[in-house]
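This report refers to the structure that appears directly beneath it.
FYI, it's all coordinate maths here, none of it is from the lab. These numbers were taken from a predicted model, which means no experiment stands behind them. Here the Cβ positions follow ideal geometry from the backbone for every residue, glycine too, while neighbour counts run over all protein chains shown.
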């Protein structure tokens, strides 16, 4: 439940001070109209204690019931009703306790309309402040909930993007291992190790975690080694990394899907040996990675090269940087180039 | 002695099949192929009794390769993971092996082939090829054979299709190619927003149309960018208007 504004000490002091000032003012005014001090103070005490109860009642009601749209009329009615009840109650009590004083009854009767309007105005003011306070609290809560929901959705999406391990890759790798077990058991064992390390990497790394290019390349090498076993002589790789880039950072597991996309596009679109080239350089404050693969411009459009893998990379970078321009592709003759830029933190 | 051809782009995947075949000395591996192009050649040359065929391969898929062969041999498909293919296999009761598979499963597939031999499998294979043509990846291109050459045509490069006896003529920039299929096959497998059967004997690529002229009574003719004219029947005109949003 929302906290009342009085739960904040500053507001509580202001509230009590205002109440005391009003009470003093009330007493002084009555004294000015020729009432003795003691009677004036009693009057003020009785009226304002009752009024204080009315105020607290309004604030408590609004704490549990915040008017919306048409319901403001109910709040207005509540204020009016409370003021009338307060007036009748205080009139009865004042008469009961202070009626002995000569001329008091007459003064009380004459001042009823002033008492009513003052009380109604003040109660209205308290009501408005309370409504503002509680609706602002409600809005803040809603915003927080929305923010939490958005963050959860984003985390879940990032998690999903990362988990989309290609079943095709996994089953074919297992099939290769199956083949090696009979003929070359030592190599089979090695490949089981590589596949396990690779899979462990996809599970272990946190999505938000940043790793150095060097770490990411080590992980990529596991993947490349497996693919080379699968495709034998058809697949070759060339990796050229500027010395200055090895310590630069990138989101974990970003590089592998890009290279996977290039390998698939290269291997399935051409016949014969496929060379995948990977370059990394630092340009301005960005880590720029280029991945090149051959393709056949006669039978496929470069559009086909931006398969699922690249879309998920693009989406991940968007979620991390709120930018859509970090993954670009181009085709030069029969070479397809994927370029990824990763802004570095200053 | 039965002749076997293994077609798979991964050398180790082929070696598993060879290894499992050692238990069946009456089966002889005549050739191994790393892609569908080699596969077509090998099948023509050796007329094998049975082939082991992968689906995802360079340039053309296993299904597309089968389309290029007039009388495909019995096939046992081997694939790692391809939801569409597996659905197709199940629908047509063709045997397939999911990688990785063991000797037992392999032997069972061979036993099944031994029982059925040709007749049943051939019909099932034909139906399978038909349904495979509806797969999303294959709707984007048409694979044809021109003598010994294999050509992959992107559907966007097709001007129009024309019925010609048992064949369909596929008209493109480079002239036409023949494919041993029916018009109904193409009408079903091609993207209906891109291709419209404008006439009993014609299917036209709507993106190639520059204008539609009236022609004799009740008939029209579509003029393509290349200048070619494609007949449009009355019902064809209605379909064209729908697709073009006229």
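Would you calculate the volume per residue, in Å³, of the smallest convex hull containing every Cα atom of the stretch A:224-275?
88 Å³
Could you tell me the ratio Rg/Rh of the stretch B:161-204? Both radii from Cα atoms, Rh via Kirkwood.
When Rh is taken as the Kirkwood radius, the ratio is 0.93.
Taking only the Cα atoms of the stretch A:168-234, how large is their convex hull per residue, in Å³?
Numbers: hull volume 6.3 nm³, N = 67.
About 94 Å³ per residue, rounded to a whole number.
Based on the Kirkwood radius over alpha-carbon pairs, what value in µm²/s does the Stokes-Einstein equation return for the translational diffusion coefficient of the protein assembly as shown at 10 °C and 1.306 mPa s?
51 µm²/s
Please compute one quarter of the surface area of the Cα convex hull for the stretch B:126-209 and express it in square nanometres.
5.5 nm²
Can you give me the angle between helix A:213-231 and the longest principal axis of chain A, using Cα atoms only, in degrees from 0 to 90, rounded to the nearest 10?
Once rounded, one gets 50 degrees.
Cα-Cα pairs above 26 Å in the stretch A:5-160: how many percent?
42 percent
In a Debye calculation with equal point scatterers on the alpha-carbon sites of the stretch A:164-343 and no solvent, what is log10 I(q)/I(0) at q = 0.14, 0.17 Å⁻¹?
-0.78, -1.14
Take the alpha carbon atoms of the stretch A:41-119, find their center, do the same for the stretch B:34-69, and report the distance between the two centers in whole angstrom.
Result: 96 Å between the Cα centres.
For an R0 of 56 angstrom, estimate the FRET efficiency from the Cβ-Cβ distance between residue A:66 and residue B:148 and round to the nearest 0.05.
For R0 = 56 Å, the calculated efficiency reads 0.10.
Translational diffusion coefficient of chain B at 4 °C, 1.567 mPa s, Stokes-Einstein with Kirkwood Rh over Cα pairs, in µm²/s as a whole number.
66 µm²/s
Divide, for the stretch A:99-153, the radius of gyration over alpha carbons by 2.2 N^0.38 Å, where N is the residue count.
Rg over 2.2 N^0.38 Å, computed on Cα atoms: 2.29.
Below 8 Å between Cα atoms, with a sequence gap of 6+, how large is the relative contact order for the stretch B:155-244 in percent? List each step's numbers first, then the result.
Working: 161 pairs, mean separation 19.7, N = 90.
So the answer I get is 22 percent.
Could you tell me the calculated FRET efficiency between residue B:69 and residue B:23, based on Cβ-Cβ distance and R0 = 41 angstrom, to the nearest 0.05?
Values: r = 28 Å, r/R0 = 0.68.
The formula returns an efficiency of 0.90 here.
Can you tell me how much longer the chain between residue A:334 and residue A:18 gets when fully stretched, taken as 0.36 nm per residue apart minus their C-alpha distance, in nm with one decimal?
Extending this stretch completely gives an extra 105.6 nm.
Let's test the formula: R0 of 35 Å, r as the Cβ-Cβ distance of residue A:204 and residue A:140. What FRET efficiency results, to the nearest 0.05?
0.40
By DSSP, what percent of the beta bridges with both residues in the stretch B:11-150 are antiparallel, rounded to the nearest 5?
Among the beta bridges of the stretch B:11-150, antiparallel pairing accounts for roughly 20 percent.
Taking only DSSP H segments of four or more residues, each worth -39500 (n - 2.57), what value at 222 nm results for chain A once the sum is divided by all its residues, to the nearest 500 deg cm²/dmol?
Working: 9 runs with 224 residues, N = 346.
Counting only the DSSP helices, I get -23000 deg cm²/dmol.
Tilt of helix B:36-46 relative to the longest C-alpha principal axis of chain B, in degrees (0 to 90, nearest 10)?
70 degrees
Taking 0.36 nm per residue of separation and subtracting the Cα-Cα distance, what length does fully extending residue B:139 through residue B:246 add?
Additional length available on full extension: 35.9 nm.
If I fit a long axis through the Cα atoms of helix B:83-92 and take the longest principal axis of the Cα atoms of chain B, what angle between them do I get, 0 to 90°, rounded to 10?
That works out to roughly 80 degrees.
I need the Kirkwood Rh of chain A: take the reciprocal of the average 1/r across all distinct C-alpha pairs and report it in angstrom.
27.1 Å
Roughly how many nanometres apart are two label points built 7 Å out from the Cα toward the Cβ at residue B:215 and residue A:275?
In this crude label model, residue B:215 to residue A:275 measures out at 5.2 nm.
Which of B:20, A:100, B:167, A:33 has the fewest other C-beta atoms within 10 Å, and how do the rest follow up to the most?
A:100, A:33, B:167, B:20
What number, in percent, do you get for the relative contact order of chain B if the mean sequence gap of Cα pairs under 8 Å and at least 6 apart is divided by its residue count?
On the way: 412 pairs, mean separation 26.2, N = 246.
Value for chain B: 11 percent.
Neighbouring Cβ atoms within 10 Å as the yardstick, rank A:78, A:213 fewest first.
Ranking A:78, A:213 by Cβ neighbours within 10 Å, fewest first, gives A:78, A:213.
Taking 0.36 nm per residue of sequence separation and subtracting the Cα-Cα distance, how much length would be gained by fully extending the chain between residue B:184 and residue B:206, in nm to one decimal? Please list the in-between numbers first.
Numbers: separation 22, 0.36 × 22 = 7.92 nm, distance 1.77 nm.
Working it through step by step, the gained length comes to 6.1 nm.
With n ≥ 4 as the cut-off for DSSP H runs, can you work out [θ] at 222 nm for chain B, using -39500 (n - 2.57) per run divided by the number of residues, rounded to the nearest 500?
-11000 deg cm²/dmol
Rounded to two decimals, what is Rg over Rh for the stretch B:2-132 when you use alpha-carbon atoms and the Kirkwood radius?
Reported Rg/Rh, Kirkwood definition of Rh: 0.91.
Mind sorting B:244, A:217, B:178 by how few other Cβ atoms lie within 10 Å of their own Cβ, fewest first?
Going from sparsest to densest Cβ surroundings: B:244, B:178, A:217.
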